[in-house]
Amino acid sequence: MSLNAVELFSERALGFKQSAIREQLKIIDSPEIISLAGGFPDDRFWPIDRVIEASTFALREYGKKALQYGSTEGIKKLRVLLMDRMEKEGVNSIDLDNVIISTASQQGLSLLAQVFVNPGDTVIVEEPSYIGALQAFTSMQAVFCTVPVDKDGMQMDALEDRLKELQKAHIRPKFVYTVPNFQNPVGVTMTLERRKKLIELAHTYDLLIVEDDPYGEVRFEGEPIPSLLALGGKDRVIALRTFSKISFPGLRLGWIVAREDIMDKIILGKQAADLCSSAMIQYIAYEFVSRGWMDDYINVVRREYPKKKNAMIAALEQYFPVGSSWTDPQGGLFVWVKVPEHIDTTAMFHEAISAKVAYVVGSAFYPRRDDNCHMRLNFSAVDPEHITEGVHRLGDLLKSKI
Ligand SMILES: Cc1ncc(COP(=O)(O)O)c(C=O)c1O
């Protein structure tokens, strides 16, 4: 008799959802397809020689410590460096106990789900929202209360309405999850006014905010806006940061900022998950950041990505049918496109693959998967000529449906 694992899976595991993006990435892993789908940085700009130098130095300098188990909180000198970096951005309510290293932001999301979410608990999310966060919260059986996003980020009047409804129903949301800068997938940034309103609502309704900000430093136009953490302080805001877009996702390194009582639980959760993030990678990251090489790299990204974004916007203007619209982000990696209403972007995906171009279907970013007229296009990973060609192919396909 063969073992039927389904009888053994937890209810939680039975509810796990596939990430539409990961599934799609498997299909599009072919060199002829122009992929505007993933969220990858452009590896052609990576200073590999510097990474080799930082790695060699880290192993020589910290050798045995680098290869040993580290503390769950992370290497102290890296945490100090990151704390100082955040202080320069106006975050001054934190000290070392409030900062730990994580195995990138995705682990931060997963730990927060573990720390806060019981089955059936309500979590407030933007709609559309980052798919990996939806996955992490779903894995702990969260129920989503959604708040729409427009060109200025999460809509605060809609949030307030939702909060009133929840209060009436005696439901206490566990937290509000937001990606305030160059949101994934929409690419929009929450205005200062809305950030202040969110902090005000957090006080009025006694809320915790989770600020996930992988893209804030990938700003290539306009002025930076203070973070929710800087505005609201650690009492109400947990911040997730990552090295993935400001250096290399392969490091799998990020950091979490939270107040002490919450951090204690996060640390216990992390101990159970992986004991610690790789000490060796943390030392390499320390060398890379402290030598100013990460800032050099960020400057390259800020110089090069707008060329790609501009190529994408120009191609959308030239090739997409009347009735389409899109966001024009000042940073980050994504443009969010609305196609004419009667066209179904989910149904069109396989035709796009046949036309040798890929995008991520908009429905993937909606908890109820009930949107079919959007697509997320990535501009960071592809060069401008291929962006133009990819958008041209998509535009032709869309026009053939009108
Ligand atoms: C909003 C957001 N949060 C978190 C992540 C996870 O990134 P990582 O685990 O590489 O830090 C991503 C990745 O694209 C993201 O877009």
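Things to note:
- Within segment 251-278, if we keep just the residues that are polar (S, T, N, Q) and open to solvent by 20 Å² or more (accessible area, probe 1.4 Å), the residue that is nearest to residue 97 (Cα to Cα) turns out to be 271.
- Of all the residues in segment 263-307, those that are among the charged types (D, E, K, R), out of contact with any strand residue (DSSP E or B) (no Cβ under 9 Å at 6 or more places or on another chain) and under 30 Å from residue 391 (Cα atoms) number 3.
- Some residue of segment 109-120 being modelled with pLDDT of 95 or more, among the polar types (S, T, N, Q), touching a strand residue (DSSP E or B) at 6+ places or on another chain (Cβ under 8 Å) and within 16 Å of the ligand (Cβ to nearest atom): no
- Entirely in segment 102-214, the strands (runs of 3 or more DSSP E) that have 2 or more residues that are touching a helix residue (DSSP H, G or I) at 6+ places or on another chain (Cβ under 6 Å): 143-150, 209-212
- Subset of segment 235-250 [farther than 16 Å from residue 55 by Cβ and either buried (at least 21 other Cβ atoms within 10 Å of the Cβ) or more than 16 Å from the ligand (Cβ to nearest atom) (or both)]: 235, 236, 237, 238, 239, 240, 241, 242, 244, 245
- Listed conditions (1) farther than 16 Å from residue 40 by Cα; (2) open to solvent by 20 Å² or more (accessible area, probe 1.4 Å) are all met by residue 383, apart from (1).
- Exactly one residue among 225, 256 is within 16 Å of the ligand (Cβ to nearest atom) and under 21 Å from residue 83 (Cβ atoms), and that residue is 256.
- All conditions in (1) open to solvent by 10 Å² or more (accessible area, probe 1.4 Å); (2) touching a Leu at 6+ places or on another chain (Cβ under 7 Å); (3) within 14 Å of the ligand (Cβ to nearest atom) hold for residue 135, with the sole exception of (2).
- Residue match in segment 28-50 (condition: of a type outside the set (A, V, I, L, M), assigned to a helix (DSSP H, G or I) and within 16 Å of the ligand (Cβ to nearest atom)): yes
- Residue list for segment 244-268, filter: assigned to a strand (DSSP E or B) and touching a Lys or Arg at 6+ places or on another chain (Cβ under 7 Å): 254, 255, 257
The values are calculated or read from the model by the stated rules, or taken from the named source; none is laboratory data. Since this is a predicted model, take the numbers as computed values, not measurements. Cβ coordinates were reconstructed from backbone atoms using ideal geometry, including for glycine residues, and neighbour counts include every protein chain displayed. Just so you know, the surface numbers come from the protein's heavy atoms only, side chains and all, with ligands and any DNA or RNA stripped out. Shrake-Rupley method; radii C 1.70, N 1.55, O 1.52, S 1.80 Å.
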